[in-house]
Amino acid sequence: MEKLTYTHNADAAAVIAQTYDTPPLAYVRSYGCQQNVNDGEKIRGVLMDIGFGVCDSVEQADLILFNTCAVREHAEQRVFGNVGALKKLKEKNPRLIIGVCGCMAQQKHIVDKLRASYPYVDLVFGVDGIDRLPAMLVERLHRGKRYLETPVERNAVVEELPIRRDSGFRAWLPIMYGCDNFCTYCIVPYVRGRERSRTPADVLAEFKTLVEQGYKEITLLGQNVNSYGKGLEEKTDFADLLNLLCTVPGDYQIRFMTSHPKDASRKLIDTIAAQDHLCKHIHLPVQSGSDRILKEMNRHYTVAQYMDLVNYAKEKIPGVTFSSDIIVGFPGETEEDFATTLEFAKKCGFAKMHIFPYSKRKGTPAAEMPDQVDEAVKSERAARLAKVDEELHQQMLQSTVGKVEEVLFEQPVDDEHMEGLCGPYLRVVVPGTAELANTIVKVKITGIKEDFLLGELN
Ligand code: SAH
Ligand code: SF4
Ligand code: F3S
């Protein structure tokens, strides 16, 4: 693995200054997971570093970049739809640069399709192109021709990329990139490459900066944070990293995602129990409640092992809550398998389930499996599981009444009320004014209104 450091590209800044009379504007839209959102923030940072401003409407933009997600077909179709809608803008303004980057652009068949059928898309690069974006723009502007990169895997970690964050109090902090797990349904290992961790020193330095800048909720990111540290020179693991970060003084909460159940250790649970800075809510995607399907998915744990972990956490961490991702309609999933998943979800009492109808991904083993499930069956199962999710959500709201929760306040609801989120991402509204924004405050939960909680400052 190669470690690289971003450096300012003065040539690119000069080319941008010569090309445009006033600073050009970039519209960057990210799809998909938090990792991608964080990449989008870095893309904006890099563009600003060479003289761009940012804007949030395509009509104003000189550069439009879609930072895409490939995890499900639906996500890809949406991007093609949105790119297609830009054709008219390009006709009106031939100088407009339209770009597609991120996970979709890391697949050759997608780049081929963009090359052949979307001639007005003139900049394409994959997930590892952010630091090279200034040089690519120079190519595009100088040559006056389209610049489309054929995806290659780079196996590098780039440090010190400039960043323009979306929020002033919630921040994303990647601790590792890529994934080595190859769950049979998933495209991520193919587009994001092999697992590679940032060093504890680099993570700590960024973390300290975030705390100094006043960020109150810092979410550590990785496709499987539990395998953090593999391949690094110094011997370390995810729990060690958490303990290291918690030595930083300040008023903040740490969250993390995603934690793969096969590698979630008791040491990790003990660490969450011991450290006040660690949020007592764990996102632990189970994917299915059927052992047979879990095996077909290549997940490397059983339902019983998952339950053991949940029970251990409940014993060690008072009030701990869980959320999960669940795929319905994986190839070969029978009504019986699905019924087991429904029951299992109820037993775990998830605070939130993210439910995904299985989507065939070209190049993954599951796409070739027999017994693909009908779309109608997938939708029907997704709806049944969503109903359980709704019931569990209501139960979670009810069980929170009377408790004291730490709430990170965000914005006013009106002149007299503020809202924020507590541990399991439940919305809480209290009497209060904008001064509460970006503070973590203990709130006594007093009641429920519609799908959120009411409370009073404790
Ligand atoms: N690394 C994380 C998940 C990243 S992808 C983990 O292992 O938990 C986010 C979620 O998308 C996955 O948890 C899974 O539920 C869903 N997903 C991934 N591939 C999918 C596919 N082909 N069809 C439907 N859902 C999928
Ligand atoms: Fe995909 Fe599995 Fe890796 Fe998560 S752990 S990104 S689901 S292959
Ligand atoms: Fe999507 Fe890429 Fe994330 S495929 S889920 S944006 S890693």
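The values are calculated or read from the model by the stated rules, or taken from the named source; none is laboratory data. Predicted model only: the values in this text are computed from it and were never measured. Heads up, the Cβs are rebuilt from the backbone with ideal geometry, glycines too, and the neighbour counts pull from every protein chain shown. In case anyone asks, the SASA skips ligands and DNA or RNA and just uses the protein heavy atoms, side chains included. Shrake-Rupley method; radii C 1.70, N 1.55, O 1.52, S 1.80 Å.
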Regarding segment 147-159, can at least one residue be identified that is modelled with pLDDT of 95 or more, open to solvent by less than 40 Å² (accessible area, probe 1.4 Å) and farther than 26 Å from residue 2 by Cα? no
Quick one: how many residues across segment 235-247 are touching a residue at least 12 places away in the same chain (Cβ under 8 Å), more than 20 Å from the chain's Cα centre (by Cα) and either open to solvent by 10 Å² or more (accessible area, probe 1.4 Å) or within 16 Å of ligand 1 (Cβ to nearest atom) (or both)? 6
Could you tell me whether segment 72-94 includes any residue that is over 22 Å from the mean Cα position of the chain (by Cα), of a type in the set (Phe, Trp, Tyr) and closer than 29 Å to residue 187 by Cα? no
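Within segment 327-357, restricting attention to residues that are β-branched (Val, Ile, Thr) and surrounded by fewer than 23 Cβ atoms within 10 Å (Cβ to Cβ), which residue is nearest to residue 288 (Cα to Cα)?
340
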Checking the structure you have, find out if any residue of segment 70-78 is farther than 25 Å from residue 356 by Cβ and touching a Cys at 6+ places or on another chain (Cβ under 9 Å). no
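Take the residues in segment 60-85 that are under 23 Å from residue 136 (Cα atoms) and open to solvent by 10 Å² or more (accessible area, probe 1.4 Å); name whichever of them is nearest to ligand 3 (Cβ to nearest atom).
69
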For the subset of segment 11-51 comprising residues that are closer than 30 Å to residue 75 by Cβ and charged (D, E, K, R), which member is surrounded by the most Cβ atoms within 10 Å (Cβ to Cβ)? 39
In the set 117, 57, the lone residue that is open to solvent by 30 Å² or more (accessible area, probe 1.4 Å), within 26 Å of the chain's Cα centre (by Cα) and among the small types (Gly, Ala, Ser) is 57
Has segment 440-455 got at least one residue that is in a helix (DSSP H, G or I), within 30 Å of residue 169 (Cα to Cα), open to solvent by less than 80 Å² (accessible area, probe 1.4 Å) and modelled with pLDDT of 95 or more? no
Of all residues in segment 100-114, which are open to solvent by less than 70 Å² (accessible area, probe 1.4 Å) and more than 16 Å from ligand 3 (Cβ to nearest atom)? 112, 114
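From 232, 141, 204, 137, grab the single residue that is among the aliphatic types (A, V, I, L, M), more than 16 Å from ligand 3 (Cβ to nearest atom), surrounded by fewer than 19 Cβ atoms within 10 Å (Cβ to Cβ) and under 24 Å from residue 65 (Cα atoms).
Selected residue: 141, the only one of 232, 141, 204, 137 that is among the aliphatic types (A, V, I, L, M), more than 16 Å from ligand 3 (Cβ to nearest atom), surrounded by fewer than 19 Cβ atoms within 10 Å (Cβ to Cβ) and under 24 Å from residue 65 (Cα atoms).
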Could you please find all residues in segment 257-272 being open to solvent by less than 20 Å² (accessible area, probe 1.4 Å) and closer than 20 Å to residue 319 by Cβ? 259, 264, 268, 269, 271, 272
Picked from segment 397-413 (must be buried (at least 18 other Cβ atoms within 10 Å of the Cβ) and assigned to a helix (DSSP H, G or I)), the residue nearest to the chain's Cα centre (by Cα) is 397
Based on this model, can you work out whether residue 199 counts as within 16 Å of ligand 1 (Cβ to nearest atom) and more than 30 Å from residue 109 (Cβ to Cβ)? no
Segment 368-390: number of residues that are in contact (Cβ under 8 Å) with a residue 40 or more places away in the chain and open to solvent by less than 90 Å² (accessible area, probe 1.4 Å): 11
Taking residue 385, is it under 28 Å from residue 314 (Cβ atoms), under 25 Å from the mean Cα position of the chain (by Cα), within 16 Å of ligand 1 (Cβ to nearest atom) and at pLDDT 95 or above? yes
Look at segment 103-141 and say how many of its residues are within 18 Å of residue 8 (Cβ to Cβ) and of a type in the set (Gly, Ala, Ser). 2
